[in-house]
Amino acid sequence: MKNADLKYDSIKKIRHNMKDQLLVVYAMLANGKTDDAMDYISKNVDVLSADYSIVNTDSIIVNTIVNSKLNAASTVGINVQCSTVKQFNGIDEIDLCNLLSNILDNAVAGCMNIPESKEKFVSLDISCDNKIYRFAAKNSINGSVLANNKQLKTSKSDKKHHGYGVKIIREIAEKYNGRCDFFEEKNVFCCLVSFKAK
């Protein structure tokens, strides 16, 4: 949590410094120094794009987890998308962190066996209506997962240290008297968690 908090703090600093960097580029362009401006941008663009803010909610937990996980996915060629509500009232922060971490880790892992020639994507939609939160994650898959693995057991060889993600997601849904569903639609794996906040 501390590392994630530091990561998000660095993102905020980069966004703050962006304004000054744009002023420098503007001044170069205004003085006809196009090559210098292009040079300046090329040296700094990696820093700016590496910590791109995908979501900006009132929750530092959501911002940190979603932005770090989806940015990491994007760097390995996975198309990412997220839409979310701003507030997360009535959900314990640790539960929120664990829920989002495991949902996104599973979704990204589901894309890793897809050949480079095929599209890889992860999408997350978080909505809330009358205090009922709905977390809907989708990811591309290379053939059915549930046909051969209904219990969604880990495929990793080190089963002692892996395979807890689905269990944690289900336990959090149960804690809030909600439900958790895993299903597939045309080479898309879906995880839907819904519950009423306390």
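Every read-out reported here was derived from the displayed coordinates using simple, explicitly stated rules and does not represent laboratory data. Computed from a predicted structure; not experimentally measured. No Cβ is skipped: glycine too gets one built from the backbone with ideal geometry, and neighbour counts run over all protein chains shown.
Once the Cβ-Cβ distance of LYS43 and SER74 is raised to the sixth power relative to R0 = 22 Å, the FRET efficiency obtained is 0.55. Net charge of the neighbourhood of LYS175, taken over other residues with C-beta under 13 Å away and scored Lys/Arg +1, Asp/Glu -1, is +1.
With both labels modelled 7 Å from their Cα along Cα-to-Cβ, the ALA109 to SER53 distance reads 3.1 nm. Fully extending the segment from LYS198 to LYS118 would add 24.6 nm, taking 0.36 nm per residue of separation and subtracting the current Cα-Cα distance.
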